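Engineer: Let me give you the structure first, and then I'll get to my questions.
The values are calculated or read from the model by the stated rules, or taken from the named source; none is laboratory data. Predicted, not measured: the structure shown is a model, and the values here were computed from it. For neighbour counting, all protein chains shown are included, and Cβ atoms are generated from backbone atoms with ideal geometry for every residue, glycine included.
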Amino acid sequence: MYTQSMDLPQGPAAEPRGGPRDATDLEADARFEARIAADRKVEAQDWMPDAYRRTLVRQISQHAHSEVVGMLPEGNWVTRAPSLKRKAILLAKIQDEGGHGLYLYSAAETLGTSRDQMVGALHSGKAKYSSIFNYPTLTWADMGAVGWLVDGAAIMNQIPLCRCSYGPYARAMIRICKEESFHQRQGFDIMLSLARGTPAQKAMAQDALNRWWWPVVMMFGPSDAESIHSAQTMKWGIKRISNDDLRQKFIDATVPQAELLGLTIPDPDLKWNAERGHYEHGTIDWTEFWNVVNGNGPCNRERLAARVRAHEKGTWVREAAMAHAAKERARAERVAA
Ligand code: FAQ
């Protein structure tokens with residue numbers, strides 16, 4: 001249901017077809033490569049290699065799942081926000097994340113996969129979503145840290161995606177980035193209030209930074225040497241900046257913000273390298289990262305179970321929407337007859 005997928009990719013069959021490739025296939029390949037080389041957008045109706053399509057479906061659907069699962073750690077604090085204003089802001093932010101998931105599922109559907117297939121892959125544990133959402137949100141300061149750091153990292157990763165070679169993904173990212181920017185600011189604002197508050201409030205902010213810093217640094221993905229997809233996705237103009245370069249940009253931008261807050265980044269090896277013009281950071285615990293990615297983080301099971309439960313509870317809404325749509329269609333047909 002709700003699919004926006006195109007029925008068929010246009011043009012000749014995509015490789016690999018099992019048989020020898022003919023001149024028409026090679027021409028289509030060459031046209032695709034020329035489009036990428038000229039930095040022109042690939043649109044849903046354009047022919048594209050199967051591998052390009054599969055890569056986009058993988059990345060965009062994982063991204064969509066991350067937005068939707070990402071609503072859970074913050075949803076945990078809606079009833080406990082410290083004021084009406086903070087509650088309204090948090091609610092608006094969480095709704096935005098749900099909207100981002102919808103734009104992204106729609107962008108992925110233009111590649112010929114249905115929302116049901118993607119959601120099914122998430123619920124069966126086959127599809128990935130960002131490691132960061134498998135950590136618990138223990139105090140109100142975590143709402144500040146998530147906005148400031150997680151949304152901050154998300155913007156760093158997503159701004160280059162506004163220039164992604166696939167048009168529907170790139171266009172979805174433009175609006176998403178504008179909203180993420182508000183999210184990052186509201187998180188920083190929470191941290192600023194706490195850091196300027198009582199000693200106990202400042203300690204709460206520091207504790208949140210201590211717990212979120214390393215998971216956020218890892219969120220950019222494995223180091224470039226270990227990143228299996230980067231070389232090809234960068235060649236295709238899907239990814240524009242590598243995992244390590246984005247991580248570096250994030251750290252460089254965030255250290256002065258922590259200084260302004262009067263908080264300490266929990267990395268004793270963090271130091272400015274004047275020659276490189278960048279901060280150097282300590283060793284990342286990749287064992288922890290892969291544990292979380294592979295389903296064994298602190299909250300993986302809880303998050304997936306909450307998503308499946310929410311989907312089941314929403315069955316009646318989807319059925320009602322379908323029944324309403326059928327009624328409207330029948331009415332329109334009666335009027336037209
Ligand atoms: N978590 O070869 P690479 C947000 C997997 S949205 C889990 O480097 P790639 C908004 C990767 O999938 C946050 N898995 O892969 C918000 C691959 O496995 P596969 C999400 C990860 O694709 C804020 C394998 O490792 N953003 O925060 C992670 O070139 C607050 C090898 O890795 C996006 O999804 C990870 N962190 O680069 C919402 C942005 N990193 O697929 C609510 C779009 C890597 O072969 C509240 N995505 N893996 O099974 C991307 O830019 C890329 O897909 C990367 C990974 C950078 C995530």
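Engineer: Criterion first (in a helix (DSSP H, G or I), among the small types (G, A, S) and either at pLDDT 95 or above or more than 29 Å from G237 (Cα to Cα) (or both)) does A28 satisfy it?
Structural biologist: So A28 does not fit the description; no.
Engineer: Any residue in segment 52-70 that is without any contact (Cβ under 8 Å) to a residue 40 or more places away in the chain and small (G, A, S)?
Structural biologist: The answer is no, given that none of the residues of segment 52-70 is without any contact (Cβ under 8 Å) to a residue 40 or more places away in the chain and small (G, A, S).
Engineer: Then there is this: Scanning segment 204-240 for residues that are of a type in the set (A, V, I, L, M) and in a loop (DSSP other than H, G, I, E, B), which turns out nearest to the chain's Cα centre (by Cα)?
Structural biologist: M219
Engineer: Sort out which residues of segment 114-142 are among the hydrophobic types (A, V, I, L, M, F, W, C), closer than 23 Å to E288 by Cβ and crowded, with 17+ Cβ neighbours inside 10 Å, and write them in order of number.
Structural biologist: Result: L122, A127, I132, F133, A141.
Engineer: Filter segment 123-145 down to the residues that are among the β-branched types (V, I, T) and more than 24 Å from K239 (Cα to Cα), then identify the one that is farthest from the ligand (Cβ to nearest atom).
Structural biologist: The extreme case among them is T139.
Engineer: Just the residues that are within 12 Å of S61 (Cβ to Cβ) and in a helix (DSSP H, G or I), please, taken from segment 80-115.
Structural biologist: Once the filter is applied, which keeps residues that are within 12 Å of S61 (Cβ to Cβ) and in a helix (DSSP H, G or I), segment 80-115 yields G101, L104, Y105, S106, A107, A108, E109, R115.
Engineer: For segment 190-203, state whether one or more residues are crowded, with 19+ Cβ neighbours inside 10 Å, away from the ligand (no atom under 16 Å from the Cβ), more than 25 Å from the chain's Cα centre (by Cα) and modelled with pLDDT of 95 or more.
Structural biologist: yes
Engineer: Mind checking which residues of segment 232-269 are within 14 Å of the ligand (Cβ to nearest atom) and either at pLDDT below 95 or on the phi > 0 side of the Ramachandran plot (or both)?
Structural biologist: G237, the sole residue that qualifies.
Engineer: Another question about this same structure. Go through segment 273-294 residue by residue and tally those that are in contact with a Phe, Trp or Tyr (Cβ under 8 Å, 6 or more places away or on another chain) and in a loop (DSSP other than H, G, I, E, B).
Structural biologist: Total meeting the criteria: 2.
Engineer: Looking for whichever is over 16 Å from V68 (Cα atoms), free of Cβ contacts under 8 Å to residues at least 60 places away in the same chain and in a helix (DSSP H, G or I) here; the options are A305, A323, A310. Which one fits?
Structural biologist: Criteria check complete, one pass: A323.
Engineer: Let me ask something else about it. What's the number of the condition V57 fails, among (1) in a helix (DSSP H, G or I); (2) within 9 Å of the ligand (Cβ to nearest atom)?
Structural biologist: Every condition holds for V57 apart from (2).
Engineer: Scan segment 279-286 and tell me whether some residue there is without any contact (Cβ under 8 Å) to a residue 12 or more places away in the chain, surrounded by fewer than 18 Cβ atoms within 10 Å (Cβ to Cβ) and not hydrophobic (A, V, I, L, M, F, W, C).
Structural biologist: Checked against the condition, which is being without any contact (Cβ under 8 Å) to a residue 12 or more places away in the chain, surrounded by fewer than 18 Cβ atoms within 10 Å (Cβ to Cβ) and not hydrophobic (A, V, I, L, M, F, W, C), segment 279-286 yields at least one hit.
Engineer: Here is a list: G120, G112, G101. Which entry is within 14 Å of the ligand (Cβ to nearest atom) and either in contact with a helix residue (DSSP H, G or I) (Cβ under 7 Å, 6 or more places away or on another chain) or over 21 Å from W212 (Cα atoms) (or both)?
Structural biologist: So the residue among G120, G112, G101 that is within 14 Å of the ligand (Cβ to nearest atom) and either in contact with a helix residue (DSSP H, G or I) (Cβ under 7 Å, 6 or more places away or on another chain) or over 21 Å from W212 (Cα atoms) (or both) is G101.
Engineer: Here's something else I'd like to know. Taking the stated definitions as given, is A81 surrounded by fewer than 22 Cβ atoms within 10 Å (Cβ to Cβ), over 15 Å from the mean Cα position of the chain (by Cα), touching a residue at least 60 places away in the same chain (Cβ under 8 Å) and within 12 Å of the ligand (Cβ to nearest atom)?
Structural biologist: no
Engineer: Which members of segment 145-162 meet the condition of being surrounded by 24 or more Cβ atoms within 10 Å (Cβ to Cβ) and in a loop (DSSP other than H, G, I, E, B)?
Structural biologist: None; the set is empty.
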